[in-house]
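The values are calculated or read from the model by the stated rules, or taken from the named source; none is laboratory data. This is a predicted model, so every value here is computed, not measured. No Cβ is skipped: glycine too gets one built from the backbone with ideal geometry, and neighbour counts run over all protein chains shown. The accessibility values were calculated without ligands, DNA or RNA, using every heavy atom of the protein model including side chains. Shrake-Rupley method; radii C 1.70, N 1.55, O 1.52, S 1.80 Å.
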Amino acid sequence: MTAPTAAPLLELDDLRMHFPIRKGAFRRVVGHVKAVDGVSLRVEDGETLGIVGESGCGKSTLARTVLRIYQPTSGEIRYRNRSGGTVDLASLSGPALNEIHRDLRMVFQDPQSSLNPRLPVIDIIGEVLSINGIVKGQELEHRVAELMQSVGLRPEYMRRYPHAFSGGERQRIGIARALASNPRLVIADEAVSALDVSVQAQTINLLQDLQERLGLTYLFVAHDLSVVRHISDNIAVMYVGRVVEKAPTAEIFSRPLHPYTEALLSAVPIPDPRLRRRGQRIRLAGEVADPANAPSGCAFHPRCRYATDLCRQEVPQLRSVTSAGHEVACHHAEKLTLNPFANSPVPELT
Ligand SMILES: Nc1ncnc2c1ncn2[C@@H]1O[C@H](COP(=O)(O)OP(=O)(O)OP(=O)(O)O)[C@@H](O)[C@H]1O
Ligand SMILES: [Mg+2]
């Protein structure tokens, strides 16, 4: 495989989003929630990058920062625009940012609350088109019909309100809304998590079809690894605001290199009972560390069964360990033989 020559569609460089914690009558800043704390990632054209991690590890904040719903504390969000030039979204504002917001769109978790119940579907899907005055009247109706069809909804229902649709259909409305401006990058934040398993599968299939047809790039955020597995080319595992492992999907599942990934994988239900018998779930003690007061060294060390003094003292940097595009932030990655589906022994580490 040759390295891609063009710049990636999106490249995050040491991105940080720290929320100030204020206290007292003078609202003095007494600390920061480091929700995203130095994330560097590349996303190529047409790729689906899955982002996983337990609740509170910073996935949604990362998504929202990339979309510039938040102004990042520091770092760069390099985006290759339609003319091939690269812009740093972190430093954009005003009309330039509005224009980019047509290229980068979001599908939210809960279609129930993210769709305005007082608007008919035509206004919800067409909003981005009418606000910018791109399309009006008959043409708008035509475009909304086309979008509804492309997500498997019947265009004759465009004057109905969200409550008249099922959960899965409402998520399709959310997807059609995201597609209305012909975006290039779609960020799906737990887009299928609230749906029933069978509807989840249909929605993922739809997203995959649309990706192929429209040449879309996806950032697919979910806490459930089995959901991300089916759609992602690559997976980034987040823990307390940082990426701790990134690799092609098959590599993550067959050869996890971070103990946190190993633990996440061991919680994924395995359909094959023979495999299930051989393995044992790794129980992660405690909660995700508090991003306002992260542990020293590797933030995962208090929950890691392999942790040593080095892990308590030094923050491990994300680094390449194999030629297969596998990156990991663990001091001991080379010495560990992780296998979430077998009882891997805890080796002697120094
Ligand atoms: N606007 C905010 N102000 C202050 N803290 C915030 C804000 N948004 C998120 N946080 C904190 O940042 C951390 C990361 O939250 P985030 O919502 O990004 O996690 P997540 O990985 O998306 O979790 P989930 O799986 O539950 O959606 C949490 O500790 C959260 O409380
Ligand atoms: Mg979230």
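Points to keep in mind about this one:
- The set of residues in segment 200-223 that are over 24 Å from Leu265 (Cβ atoms) and either hydroxyl-bearing (Ser, Thr, Tyr) or within 16 Å of ligand 2 (Cβ to nearest atom) (or both) contains only Thr217.
- Sub-8 Å Cβ pairs linking a first residue in segment 232-246 that is within 16 Å of ligand 2 (Cβ to nearest atom) to a second residue that is aromatic (Phe, Trp, Tyr), at least 6 apart or interchain, are Val237/Tyr260; Tyr239/Tyr260; Tyr239/Phe300; Val240/Phe300, ordered by first then second residue.
- Filtered residue count, segment 82-131, keeping only those that are charged (D, E, K, R) and within 16 Å of ligand 2 (Cβ to nearest atom): 1
- For segment 192-199, the criterion of a residue being of a type in the set (Ser, Thr, Tyr), outside any helix (DSSP H, G or I), touching a residue at least 12 places away in the same chain (Cβ under 8 Å) and within 16 Å of ligand 2 (Cβ to nearest atom) is satisfied by at least one position.
- Scope segment 191-214; condition within 16 Å of ligand 1 (Cβ to nearest atom) and closer than 23 Å to Arg102 by Cβ; matching residues: Ala191
- Count - residues of segment 25-57 that are surrounded by 23 or more Cβ atoms within 10 Å (Cβ to Cβ) and among the polar types (S, T, N, Q): 1
- Members of segment 44-81 that are more than 16 Å from ligand 2 (Cβ to nearest atom) and farther than 15 Å from Glu11 by Cα: Gln71, Thr73
- Those residues of segment 215-246 which are over 15 Å from Ala263 (Cα atoms), within 13 Å of ligand 1 (Cβ to nearest atom) and of a type in the set (D, E, K, R), in sequence order: Arg242
Matching residues to (1) over 30 Å from Glu44 (Cα atoms); (2) open to solvent by 20 Å² or more (accessible area, probe 1.4 Å); (3) of a type outside the set (A, V, I, L, M, F, W, C):
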{"position": "Asp103", "(1), (2), (3)": "no, no, yes"}
{"position": "Ser113", "(1), (2), (3)": "yes, yes, yes"}
{"position": "Pro117", "(1), (2), (3)": "yes, yes, yes"}
{"position": "Val121", "(1), (2), (3)": "yes, no, no"}
{"position": "Arg154", "(1), (2), (3)": "yes, yes, yes"}
{"position": "Arg159", "(1), (2), (3)": "yes, yes, yes"}
